[in-house]
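Here is the structure we will look at, set down as structure tokens.
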Amino acid sequence: MASPPPALEILVREPDGFTVWSGPPYPPGTTSPPQRLAKTACSATSFSADGARLLATVASASATVYDCRTLAVVKCFELPGLLAAALSPTGAYLQTFQKSSSPQEKNVTVWQVDTAVALYQHYQKSMSKATWPMIQFSADESVGCRMIPNEIQFFDPKDFTKGVLSRIRMPGIAAMQLATAPGSHVAGFVPEAKGVPASVQIFSCNKDAQNQAVARRSFFRCTTVQLHWNKGSTGLLVLAQADVDKTNQSYYGETKLNYLTTDRAFEGIVPLKKDGPVHDVQWSSSGSEFAVVYGFIVLAGFGNLPGDMAFWDYSEKKLVAKTKAECSVTSEWSPDGRHFMTATTAPRLQIDNGIKIFDHNGSLQFKKMFEKLYQADWKPEAPERFGDITDLTTSLSSLKIEETKKQAQGSKSAQTSSKAPTTAITASKPTAYRPPHAKGSAEIQDKLFGGLAPTGGEMSKNALRNKKRREKQKEKKAADASGAPADES
């Protein structure tokens, strides 16, 4: 008999501490979900990648690891001068970074959580988002590696006493990303320097096959990159970024999306239909598809934007519903794919902080406001633990959606675009500046909302006045062209 799917849980952090809620569905009228853990003081919290353990830290003082099944404390580490901490994918190891007064004082430590034994230590002068955590682990924690000047070093996480097992020389390396599922390959980035183009190279993690790169891509006008491995570790998306766009088309610099495969079947730029900066890329859970959001004007809908959202049945390429989540800072699907959570959090926004949870069909199921909210995250779970999603697709097919003619006409193009390896939202080239609330062009609205206008669609008085003025100008031009007098009414 198949085991029941795991219960959903939500991590919520406020200024006075964090708690863990039992997740949806909630009975109608629920205002305060059941708490699995009493509010506990902390300065930062995070789950291990598999959701087995939870880390809560107090700045410059301590790191506490919890077992997510029982929410009992596994181990508490007293760490004076603590600046950063991170759990390994399964929560077996804790990596910490502390203040250090000299190179002789090793300030980066890998701890075995269950025993609180320090397995590995080294000195690091400073850290950044790009270099933390210092040691990267594969999903099963069978491979560990770290970047130092000019090389990547490999370790055996089961026995750090073996020291460095192997090295890959990469002069000038500035960033790396280990493939995690499985940990078969690693990618390294070397920035452009002295006329030599920037490059990304992929190497095998097998010690006996590290003498040469299995894939390589070079490009000019690149200062930083984002490296995104797929599930299966067969493909790597490389978002190359330059601080300045020499074409003066984008204030935010220049971006190019590249794709490399470990079998060298493809090494090149991802073909996008229109020019414009790439804003985000995401792999599907299967690792066989990826989505790209790009263009000079993007209808993101969050932050200071109206928050328009459209829910689609991906397999049927059919619009399910549309709604709003104004001023959202974060958004995330639940692990079972049945709920969508948005949150307005500080310090990005200091007012109207809160959490909203929508059903898969876009209906609002839960809302809670906070005086100040710092964090709201689903506890990670493997999607396969929830079994087949037949129940969800059945419920979707039973929904009655009023489709306009434009939506029906757009279904053919949707079916055609589904064959492409990327799903992207693009926009027309910019003309004059438009304020954030007006940046959704008709083309984007039509693509995103399936021909249905977003909610709250009444035009303002100024917009109506401008519309009438444009119509009169068109009538006058048409009259001048035909020689007939224009209507002056």
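A few notes on this one:
Matching residues to (1) buried (at least 22 other Cβ atoms within 10 Å of the Cβ); (2) touching a Phe, Trp or Tyr at 6+ places or on another chain (Cβ under 9 Å):
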| site | (1), (2) |
| --- | --- |
| ASN150 | no, no |
| LYS158 | no, no |
| LYS162 | no, yes |
| ALA187 | yes, yes |
| VAL196 | no, no |
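- Qualifying residue in segment 302-317 (condition: modelled with pLDDT under 90, polar (S, T, N, Q) and out of contact with any Cys (no Cβ under 9 Å at 6 or more places or on another chain)): yes
- Restricting segment 133-144 to residues that are of a type in the set (S, T, N, Q) and assigned to a loop (DSSP other than H, G, I, E, B), the residue that is nearest to LEU165 (Cα to Cα): SER142
- Among (1) part of a loop (DSSP other than H, G, I, E, B); (2) buried (at least 18 other Cβ atoms within 10 Å of the Cβ); (3) aliphatic (A, V, I, L, M), the one test that MET341 misses: (1)
- Any hit, segment 213-227, residues being more than 30 Å from SER285 (Cβ to Cβ), surrounded by fewer than 14 Cβ atoms within 10 Å (Cβ to Cβ) and at pLDDT 95 or above: no
- If you filter segment 358-373 down to residues that are of a type in the set (A, V, I, L, M, F, W, C) and open to solvent by less than 50 Å² (accessible area, probe 1.4 Å), you find that the one that is nearest to GLY307 (Cα to Cα) is PHE358.
- Any chance ASP308 is surrounded by 19 or more Cβ atoms within 10 Å (Cβ to Cβ) and either touching a helix residue (DSSP H, G or I) at 6+ places or on another chain (Cβ under 9 Å) or within 22 Å of PHE219 (Cα to Cα) (or both): yes
- Flag if PRO133 is farther than 24 Å from SER100 by Cα and either in contact (Cβ under 8 Å) with a residue 12 or more places away in the chain or hydroxyl-bearing (Ser, Thr, Tyr) (or both): no
- Qualifying positions in segment 157-169 - touching a strand residue (DSSP E or B) at 6+ places or on another chain (Cβ under 7 Å), in a loop (DSSP other than H, G, I, E, B) and under 25 Å from LYS231 (Cβ atoms): PRO157
- Residue check for THR330: within 25 Å of PHE386 (Cβ to Cβ) and open to solvent by 30 Å² or more (accessible area, probe 1.4 Å): yes
- Any pair with Cβ under 8 angstrom, 6 or more apart, that starts in segment 163-182 at a residue that is more than 20 Å from SER128 (Cα to Cα) and ends at one that is basic (Lys, Arg): LEU165/LYS207; SER166/LYS207; ALA181/LYS231
- Sole exception among (1) closer than 30 Å to VAL117 by Cβ; (2) open to solvent by 40 Å² or more (accessible area, probe 1.4 Å) for SER32, by number: (1)
- Residues within segment 56-89 that are modelled with pLDDT of 95 or more and either under 19 Å from LYS39 (Cα atoms) or in contact with a His (Cβ under 6 Å, 6 or more places away or on another chain) (or both), tallied: 19
- Cross-chain or 6+ apart pairs with Cβ under 8 Å, segment 145-160 first and closer than 14 Å to GLN121 by Cα, then hydroxyl-bearing (Ser, Thr, Tyr) and open to solvent by 20 Å² or more (accessible area, probe 1.4 Å): PHE155/TYR120; PRO157/SER142; PHE160/TYR120
- A search for C-beta distances below 7 Å between a residue of segment 4-32 that is over 18 Å from HIS360 (Cα atoms) and any residue that is loosely packed, with under 12 Cβ neighbours inside 10 Å and of a type outside the set (A, V, I, L, M, F, W, C), counting only pairs 6+ apart in sequence or on different chains, returns TRP21/PRO34; SER22/PRO34.
The values are calculated or read from the model by the stated rules, or taken from the named source; none is laboratory data. Quick caveat: nothing in here was measured; it's all calculated off a predicted structure. All Cβ positions, glycine included, derive from the backbone under ideal geometry; neighbour counts span all protein chains shown. For accessibility, only protein heavy atoms count, side chains too; no ligands or nucleic acids. Shrake-Rupley method; radii C 1.70, N 1.55, O 1.52, S 1.80 Å.
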